[in-house]
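In what follows, a single structure is set out as structure tokens and then discussed.
The values are calculated or read from the model by the stated rules, or taken from the named source; none is laboratory data. These figures come from a predicted structure and were not determined experimentally. Don't worry about glycine lacking a Cβ; one is built from the backbone with ideal geometry, like all the others, and counts go over all protein chains shown. We work out accessible area using only protein heavy atoms, side chains counted, and drop any ligands, DNA or RNA first. Shrake-Rupley method; radii C 1.70, N 1.55, O 1.52, S 1.80 Å.
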Amino acid sequence: MKNTSFHTNIPTTDRWNRRKIFTGRSARVFALMLLSTVIWMPPARSQSFQELINRIGSLPESRRQAIADSFVNSVPSMPFLENDSVVHFIFNNPARSVALSGDVTGYKPSQNLTCIQGTHLWYYTPFYPTAARRDYKFVTNGSDWNLDPKNPLTCMSGFGPNSELRMPGYH
């Protein structure tokens, strides 16, 4: 009688039989374990920025900056967008104050960002139309004008280079 593999009627060689990892009962047990892992795995979903703020706020202050740094390092670029119209301007900097300046503020540093207590994570969350385009800078301590270090997009204006926000519908 010819030797065949357990999942097909294709003849196998003795060399192949010695290399099989899972045969018969062990293959069924492995398949059952793999299936149960897939069934019990929680659904993947992204964390909203508000959930991040709540999570950081629930931690002791000594652990908050590490979570803030982890978030900033995990996001490939900023501003952080949610639901096609919610924009989170986020700046991780140990400044005493941070304001947003740009075309929506008349290039005045008039929109203050909020700092999450126990961190250097500053944020401001406006809503913009999905086809909007904005340019901006962060102003730290009232006088230091900074491009967004996490935003690779820049544009020129009458005040030099600015970071550029392009909403998903902007063309």
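A few notes on this one:
Yes/no per residue for (1) over 14 Å from Met78 (Cβ atoms); (2) open to solvent by less than 30 Å² (accessible area, probe 1.4 Å):
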{"position": "Gln117", "(1), (2)": "yes, no"}
{"position": "Leu121", "(1), (2)": "no, yes"}
{"position": "Leu153", "(1), (2)": "no, no"}
{"position": "Gly160", "(1), (2)": "yes, yes"}
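- Tally, over the range 99-141, of residues that are of a type in the set (S, T, N, Q), in contact with a Gly (Cβ under 9 Å, 6 or more places away or on another chain) and not in a strand (DSSP E or B): 2
- When residues of the range 131-151 are limited to those that are under 18 Å from the mean Cα position of the chain (by Cα) and open to solvent by less than 60 Å² (accessible area, probe 1.4 Å), the one nearest to Asp103 (Cα to Cα): Asp148
- Among the conditions (1) surrounded by fewer than 17 Cβ atoms within 10 Å (Cβ to Cβ); (2) outside any loop (DSSP other than H, G, I, E, B); (3) at pLDDT 95 or above, Arg96 misses just one, which is (2).
- Filter result for Arg63 (more than 25 Å from Tyr170 (Cβ to Cβ), assigned to a helix (DSSP H, G or I), open to solvent by 20 Å² or more (accessible area, probe 1.4 Å) and among the charged types (D, E, K, R)): yes
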